[in-house]
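Single-structure report; data block below.
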There are 2 protein chains.
Amino acid sequence: MSELRALLPEWVVPVCPENEVLDGHAVLIEGDRILDVIAVDQLDEAYPGAVRQALPGCALIPGLINAHAHSAMALMRGLADDLPLMRWLQDHIWPAEQRWVGPDFVRAGSELAIAEMLLGGTTCFNDNYFFPDVTAATAVQAGMRAVLGLPVISLPTAWAQTEDEYFSRGLEVHQSLRSEALLSTAFAPHAPYTVSDSAFRRMRELAEEMDIPIHLHLLEADGEIEGSKKEHGLHPLDRLDRLGLLSPRLLAVHMTQLTPTDMDRVARAGVSVLHCPASNLKLASGICPVAELDKRGVNIAIGTDGAASNNTLDMFAEMRLAALLAKGASGDPEAVPAARALSMATIHGARALGLDGEIGSIEKGKQADLVAVQLDHLQTAPVHHVISQLVYACSSRQVEQVWVAGRQVVAGGELQHLDMERIARQTREWHRRLADFE
Amino acid sequence: MSELRALLPEWVVPVCPENEVLDGHAVLIEGDRILDVIAVDQLDEAYPGAVRQALPGCALIPGLINAHAHSAMALMRGLADDLPLMRWLQDHIWPAEQRWVGPDFVRAGSELAIAEMLLGGTTCFNDNYFFPDVTAATAVQAGMRAVLGLPVISLPTAWAQTEDEYFSRGLEVHQSLRSEALLSTAFAPHAPYTVSDSAFRRMRELAEEMDIPIHLHLLEADGEIEGSKKEHGLHPLDRLDRLGLLSPRLLAVHMTQLTPTDMDRVARAGVSVLHCPASNLKLASGICPVAELDKRGVNIAIGTDGAASNNTLDMFAEMRLAALLAKGASGDPEAVPAARALSMATIHGARALGLDGEIGSIEKGKQADLVAVQLDHLQTAPVHHVISQLVYACSSRQVEQVWVAGRQVVAGGELQHLDMERIARQTREWHRRLADFE
């Protein structure tokens, strides 16, 4: 029988229901699950044997879910900035990737990224990069939850040469991870302009069979629509529709180029939108119409994108930016209030990934993916409203404790299962290699 | 003779010239000034007696300048969010101010704000609030540099009842601060829609005489233009022009409602723009066309606005947002590169305030307002480009040491001259008072 633990934060923010803040409540963890959420004054009677852990000054929130990451790219943080998307990709990122990407790069980059994410209160990430097997192994070691993208792209890379090889390697990774409780997979086709119709068709069938999502960069910048019309005679959304891909299984990253009709279509199809506000602004790709999509009931989750275009993996910063930008871009100061932004960074991410039965909120029976955020800090004082402080004022550095599936992975702001010195050393080595190459 | 000190950071980012990063350099401080910036290998010969302070892993930057703050409003951080500007002001902020603003509120709020700003690497702020004498005293106590706004508004407040009284109290504050080395003043008329022509005229004459800036909320939201046309028969810029206020003395805060013709006019007149991106987004006021103004050579500085509409006073976050938003809003990913954003947060702020001969860059003879930022941290690793990491990836929590006029005010991340326990206690007391009132 596993030990019964009671966390006693100052406030519990369960996220479901949205906008609720519980004072004087305890969250009980047994094994990997939330056993109960009850008033502290009932704790003695209901669970007399529970081992108590006080969390004074802290808000306990569900672990944040980074809905779109390229973890290993953390090593390319700030390698090339202030450039247009295509010059940035073609002159800097892709050449560096061609030269360097392999298991060692991905291991070092994933460790750096996972360390940063866990310390910042992110407990799950939806990754899209080469060598997902290596990122998976790193996540397991760190005790982090992850959805590993199985890359598909019509170009040879260090991961695979042909379409067939992308699929066979992807399926192999999928098989090898089936016994990992914290891991699952998604297909990760790069973008409509780099993936063939045949690959999309094959992927759709496999995704249904395997019951996994399809995680795709879509309508990131304006050139994409013209390009698709030229090459395929179709708008990308029409093409994906013909290929049977517009469904709740589709996780569409970016989506900055949407007409109102497109928005209706996306809403009707049940597509999830993975919103990356910092990256979209930095690359001047366009602005995702989050307020308008939210009004249509679209499930919008938040991602940092890779650190090469953000340049952090800080979900607190991203959540704040999503809330601010939705208002500024729509002209509606009531759009995406704080509690909705927090939902986007938690339960909406879970929903997109098909994991909302397990994570994304603090509810009885769910996995104990929990974050204690210290609000007794200048920058979040006074605490007039807990959720407002979490979204608009809090720094990721105020994360004190993090649990994934009931296991503590950050304690007192320190990582428990990763070696910070090794990460620092590896990062310095890769800095030198990349610098020599640039 | 005052002690000669040599700071030995990993990098010096002098800001002037823009985009320069010096490796292996020392910054010498004598008294309140920067005596020299020289290569470390010349230090022994040039300044054999200098007391060395190593700053391993740190970038030394000029102190950040928060060009627009309402410090005392830190107590109203998160009091009311997700509301339109006028409802936010009329239903929440103004009633709370009417009930509570006085010397005690302003002292407690200013202490909270100054503590947050200094810990985050801000060494100077341009304030606009009631009881500037009280904020001034708090800044002196903390060892922080400040420009205190002398409020003018055509409404009675706790600070003054009549136009005459605003001026007489303002002039009194100005006189009383003349001996304070770190303090100066600016007129702080609230906004065109709350200040009369006669007050603007009087202020213009006095400002010339006293040689101080005029710090005005201008074109924050779209209603302002229609309102001005109705009341004065003029666009606010035309009205200010007739009143002789469009000059380099004018610091125009917000400026989200500008046509290209307005931008040309602002550029020609030499008006400084104080850009508050977080507040503008949060209140959905509009977006200041920073890229376009920057191309026209307008001096753009960055401010946080009050914590009630931000909700932090974090200049690192604000600088990052300014850089990101300028790209996203203009569609130009090369707009406001990292180094320009850093200039906006330092030397441009100094220029707006008429203090660029003294602060805003690390140059021989300038005041030693310096900040050591620890870049040896996961979130800023690897350091491919120092300025990129400072602007796009760095957290204000990486500030380790802060000096104002050569005096250390933050050491090892700890405030030296303010009592954190008293601040926490006061903030809790004011939380209760404000909560009971709401």
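The values are calculated or read from the model by the stated rules, or taken from the named source; none is laboratory data. The structure displayed is predicted, hence computed values, not measured ones. Neighbour counts run over all protein chains shown; Cβ positions are idealised from the backbone, glycine included.
Show me the helices (runs of 4 or more DSSP H) found entirely inside the range A:21-123 where at least 3 residues are touching a residue at least 40 places away in the same chain (Cβ under 8 Å). Break it down stepwise before answering.
Working: elements: A:43-46, A:85-88, A:94-100, A:103-119.
Passing ranges, in order: A:85-88, A:94-100, A:103-119.
Quick check on this structure: which one of A:Arg422, A:Arg432, A:Arg397 is farther than 30 Å from B:Arg428 by Cα and either within 11 Å of chain B (Cβ to nearest Cβ) or of a type in the set (A, V, I, L, M) (or both)?
A:Arg432
Within the range A:375-394, can you find the residues that are more than 7 Å from every other protein chain (Cβ to nearest Cβ) and under 19 Å from A:Thr122 (Cα atoms)?
A:Leu375, A:Val386, A:Ile387, A:Leu390, A:Val391, A:Cys394 - these are the residues of the range A:375-394 that are more than 7 Å from every other protein chain (Cβ to nearest Cβ) and under 19 Å from A:Thr122 (Cα atoms).
Restricting the search to the range B:125-165, which residues are outside any helix (DSSP H, G or I), aliphatic (A, V, I, L, M) and in contact with a helix residue (DSSP H, G or I) (Cβ under 6 Å, 6 or more places away or on another chain)?
Residues satisfying the conditions are B:Met144, B:Ala146, B:Leu148, B:Leu150, B:Val152, B:Ile153, B:Ala160.
For the range B:341-350, indicate whether the set of residues that are farther than 26 Å from B:Gly412 by Cβ, modelled with pLDDT under 95 and either touching a helix residue (DSSP H, G or I) at 6+ places or on another chain (Cβ under 7 Å) or part of a loop (DSSP other than H, G, I, E, B) (or both) is non-empty.
No, the conditions are met nowhere in the range B:341-350.
Which members of the range B:75-134 meet the condition of being acidic (Asp, Glu) and more than 29 Å from A:Ala326 (Cβ to Cβ)?
B:Asp104, B:Glu111, B:Asp127, B:Asp133
Just one of A:Lys282, A:Lys295 is of a type in the set (Lys, Arg) and within 11 Å of chain B (Cβ to nearest Cβ); which is it?
Exactly one residue qualifies, and that residue is A:Lys282.
Residue-wise test of (1) at pLDDT 90 or above; (2) on the phi > 0 side of the Ramachandran plot; (3) among the polar types (S, T, N, Q); (4) outside the structural domain of B:Glu318 (by TED's automatic domain parsing).
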position	(1), (2), (3), (4)
B:Leu75	yes, no, no, no
B:Ala80	yes, no, no, no
B:Pro84	no, no, no, no
B:Pro95	yes, no, no, no
B:Arg99	yes, no, no, no
B:Leu112	yes, no, no, no
B:Gly121	yes, yes, no, no
B:Cys124	yes, no, no, no
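Just one of B:Arg296, B:Arg320 is crowded, with 24+ Cβ neighbours inside 10 Å and of a type in the set (Lys, Arg); which is it?
B:Arg320
So which residues in the range A:385-437 are touching a residue at least 24 places away in the same chain (Cβ under 8 Å), surrounded by fewer than 13 Cβ atoms within 10 Å (Cβ to Cβ) and in a loop (DSSP other than H, G, I, E, B), if there are any at all?
Residues satisfying the conditions do not exist here.
Given the conditions (1) within 12 Å of chain B (Cβ to nearest Cβ); (2) in contact with a Lys or Arg (Cβ under 8 Å, 6 or more places away or on another chain); (3) not basic (Lys, Arg), which single one is not true for A:Ala301?
The number of the failed condition is (1).
Given the criterion in a helix (DSSP H, G or I) and either without any contact (Cβ under 8 Å) to a residue 40 or more places away in the chain or farther than 25 Å from A:Asn280 by Cα (or both), identify the matching residue among A:Ser184, A:Ser168, A:Ser179.
Result of the check over A:Ser184, A:Ser168, A:Ser179: A:Ser168.
Report every pair of residues separated by at least 6 positions or lying on different chains whose Cβ atoms are under 6 Å apart, first residue within the range B:310-339 and more than 7 Å from every other protein chain (Cβ to nearest Cβ) and touching a residue at least 12 places away in the same chain (Cβ under 8 Å), second of a type in the set (Asp, Glu) and surrounded by fewer than 24 Cβ atoms within 10 Å (Cβ to Cβ).
B:Ala339/B:Glu18
Among (1) crowded, with 18+ Cβ neighbours inside 10 Å; (2) more than 30 Å from B:Val373 (Cβ to Cβ), which single condition is B:Gly78 missing?
Here B:Gly78 clears every test but (2).
Do we find a residue being farther than 16 Å from A:Cys16 by Cα and either out of contact with any Cys (no Cβ under 9 Å at 6 or more places or on another chain) or of a type in the set (Ser, Thr, Tyr) (or both) anywhere in the range A:362-370? It would help to see each step written out before you state the result.
Within the range A:362-370, the subset farther than 16 Å from A:Cys16 by Cα is none.
No; the residues of the range A:362-370 include none that is farther than 16 Å from A:Cys16 by Cα and either out of contact with any Cys (no Cβ under 9 Å at 6 or more places or on another chain) or of a type in the set (Ser, Thr, Tyr) (or both).
Residues that are closer than 19 Å to B:Val271 by Cβ, hydrophobic (A, V, I, L, M, F, W, C) and either within 25 Å of the chain's Cα centre (by Cα) or at pLDDT 95 or above (or both): does the range B:161-181 have at least one?
Among the residues of the range B:161-181, not one is closer than 19 Å to B:Val271 by Cβ, hydrophobic (A, V, I, L, M, F, W, C) and either within 25 Å of the chain's Cα centre (by Cα) or at pLDDT 95 or above (or both), which makes the answer no.
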